[in-house]
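*Asks:* Below is the structure I would like to discuss, written out as structure tokens.
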Amino acid sequence: MLIFLNAKRLEFLYYSLFVFFSMIYLTRRLNLEFYMTLRESLIGLWFLAISQILINLMYLNFAINYLNTKLQYPKLHKFIQLTIIILVALIFLDTWVYFNGMYQMHDTLQNFQRILMTVFGLSSMIYLIFKTKDRLVIFIVLGSFIFLAGALGFLFTNDRHYMMTGSLIEFIIFSLGLAYKIKLQYEAKLTLQEEVSLKEISALRAQMNPHFIFNSLSSIQNLILKNDRPAALKYLTQFGKLARNVLESSNEAVVTLSEEIALLKSYLELESLRFDNAFEYTIELDENLDAGSLEIPLMLIQPFAENAIIHGLVGKKEGLKKLMFRFKKEGPFTIIEIEDNGVGRVVSRIHAEASKKQRKSRGMEITEKRLKMFNQNKVNQNKVEIVDKYDAYGNATGTKVIIQIFNP
């Protein structure tokens, strides 16, 4: 019942009511104060007598919702609906008969519903065995068969222990069936989320690649306009190499870290040509890191490298311009650090405001979205942290980007 209140799934409601009325019926002859009070009134005796029909009603509604018979077994669904209508009619008819003192007719109606449910149970089990579409049927058929065997044992021997044992085993089997269904639904939800995530990642990656290509073609255009044909040719050759590598990986949502580093090197060579070798870069790879097997989103690092170059290093007027990349493993996380010794974000923002070009990097925005989607079905702790660096006098000394990827 608690699961129904939380999940609002009718199969849990009907299962709870099925167990409740079953316990009422099976223990009705115990000399408990509750039952003694019920047996002292005509209404109480009627409720105890009618509880068997209520058990069957709850069972049928449980089966409808548990097996989704309307969609999965439409013929059986119609048969169950007809049986429910008959049982509801029996409740009204038996109530009228009982309160008018026609107790022999009451017994006849009770026996009729027992025969009806026996025929229904046997025919439904045979139908489901031959028409089964999933493993959920196993729990319904097995539980129903054991309950039916216990009920028939009680009918022919008048020993209630048969029915009580059959009911107890049925409760356990149906509980296991509900747990199994929850597991299936959880797995289906994860699969659907993964498919949606892959489509969203593909869409975001499709936005990422044109952004990068546009910037590269703009650089080639600038070199041509400056009539620097050798540099333009060299740049175009390097760009072609990088574009080919990107296209070869474009059908994949992820690449290995070693492949990503190779793409990064090609990109950095392009940017170095673009800015007349104005900066130098280093790439440090932790020896404990298996770059050939670890996977990360394609072109994850490039937008952060671009941002460090354009907004950090290019604006620096004096001193050596450095860009450092570090890759290491910390527990279940892959840590990527992109550090520059540029002007820092504050100065970069002032320059952007002065030139009226202040806006968030489109590439970084897309990449942050992709990172959030990566491995989101796991304990996702992917994040990007940007640290502003300062010296002892409070002067900006660059920026460090720390990318944390859950990648056990």
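The values are calculated or read from the model by the stated rules, or taken from the named source; none is laboratory data. Remember, it's a predicted structure, so these values are computed and weren't measured experimentally. Please note: Cβ atoms are built from the backbone with ideal geometry, for glycine as well, and neighbour counts cover all protein chains shown.
*Asks:* Which ones in the range 358-405 are modelled with pLDDT of 85 or more and of a type in the set (Phe, Trp, Tyr)?
*Replies:* Residues satisfying the conditions are Tyr390, Tyr393.
*Asks:* Ok, one more. Test Ala63 against the criterion of being assigned to a helix (DSSP H, G or I), of a type in the set (Gly, Ala, Ser) and under 36 Å from the mean Cα position of the chain (by Cα), and give yes or no.
*Replies:* Values: assigned to a helix (DSSP H, G or I): yes; of a type in the set (Gly, Ala, Ser): yes; under 36 Å from the mean Cα position of the chain (by Cα): yes.
So Ala63 passes the test.
*Asks:* Inspect the range 284-298 for any residue being crowded, with 22+ Cβ neighbours inside 10 Å, at pLDDT below 85 and of a type outside the set (Ser, Thr, Tyr) and give the result as yes or no.
*Replies:* Looking for residues that are crowded, with 22+ Cβ neighbours inside 10 Å, at pLDDT below 85 and of a type outside the set (Ser, Thr, Tyr), one finds at least one in the range 284-298, hence yes.
*Asks:* A further question follows. Suppose we keep only residues that are on the phi > 0 side of the Ramachandran plot and surrounded by fewer than 21 Cβ atoms within 10 Å (Cβ to Cβ) within the range 300-357. Which one would you say is modelled with the lowest pLDDT? Walk me through it before giving the result.
*Replies:* Filtering the range 300-357 down to residues on the phi > 0 side of the Ramachandran plot leaves 319, 331, 344, 356.
Next, from what is left, pick out any that are surrounded by fewer than 21 Cβ atoms within 10 Å (Cβ to Cβ): 319, 331, 356.
Values: Gly319: 87, Gly331: 86, Lys356: 53.
Here the residue is Lys356.
*Asks:* Out of the residues in the range 66-86 that are under 20 Å from Leu148 (Cβ atoms) and of a type in the set (S, T, N, Q), which is farthest from the chain's Cα centre (by Cα)? Write out each step before concluding.
*Replies:* Quick first cut of the range 66-86, residues under 20 Å from Leu148 (Cβ atoms) only: 66-67, 69, 73, 76, 79-80, 82-84, 86.
Checking the rest, the ones that are also of a type in the set (S, T, N, Q) come to 69, 83.
Working: Thr69: 25, Thr83: 38 Å.
Ranking the qualifying residues of the range 66-86, first place goes to Thr83.
*Asks:* From the list Tyr98, Tyr127, which residue is surrounded by 12 or more Cβ atoms within 10 Å (Cβ to Cβ) and touching a His at 6+ places or on another chain (Cβ under 7 Å)?
*Replies:* Working: Tyr127 fails: touching a His at 6+ places or on another chain (Cβ under 7 Å).
Result of the check over Tyr98, Tyr127: Tyr98.
*Asks:* Further question on the same structure: Would you be able to tell me the number of residues in the range 142-161 that are within 20 Å of Ile53 (Cβ to Cβ) and crowded, with 17+ Cβ neighbours inside 10 Å?
*Replies:* Matching residues across the range 142-161 total 7.
*Asks:* Next question, about the same structure. Of the residues in the range 66-97, how many are assigned to a helix (DSSP H, G or I), touching a residue at least 60 places away in the same chain (Cβ under 8 Å) and more than 18 Å from Phe18 (Cβ to Cβ)?
*Replies:* Quick first cut of the range 66-97, residues assigned to a helix (DSSP H, G or I) only: 66-67, 69-72, 74-97.
Add one more test, that the residue is touching a residue at least 60 places away in the same chain (Cβ under 8 Å), and what stays is 66-67, 72.
Among the residues that remain, those that are also more than 18 Å from Phe18 (Cβ to Cβ) are: 72.
Here the count works out to 1.
*Asks:* Considering (1) under 26 Å from Gly342 (Cα atoms); (2) at pLDDT 80 or above, say which one Leu223 fails and leave the rest.
*Replies:* Only one criterion in (1) under 26 Å from Gly342 (Cα atoms); (2) at pLDDT 80 or above is unmet by Leu223, namely (2).
*Asks:* Do you know which residues across the range 275-287 are assigned to a loop (DSSP other than H, G, I, E, B) and farther than 20 Å from Gln381 by Cβ? Please lay out each step first, then the result.
*Replies:* Step one: list which residues in the range 275-287 are assigned to a loop (DSSP other than H, G, I, E, B), which gives 275-279, 286-287.
Residues satisfying the conditions are Phe275, Asp276, Asn277, Ala278, Phe279, Glu287.
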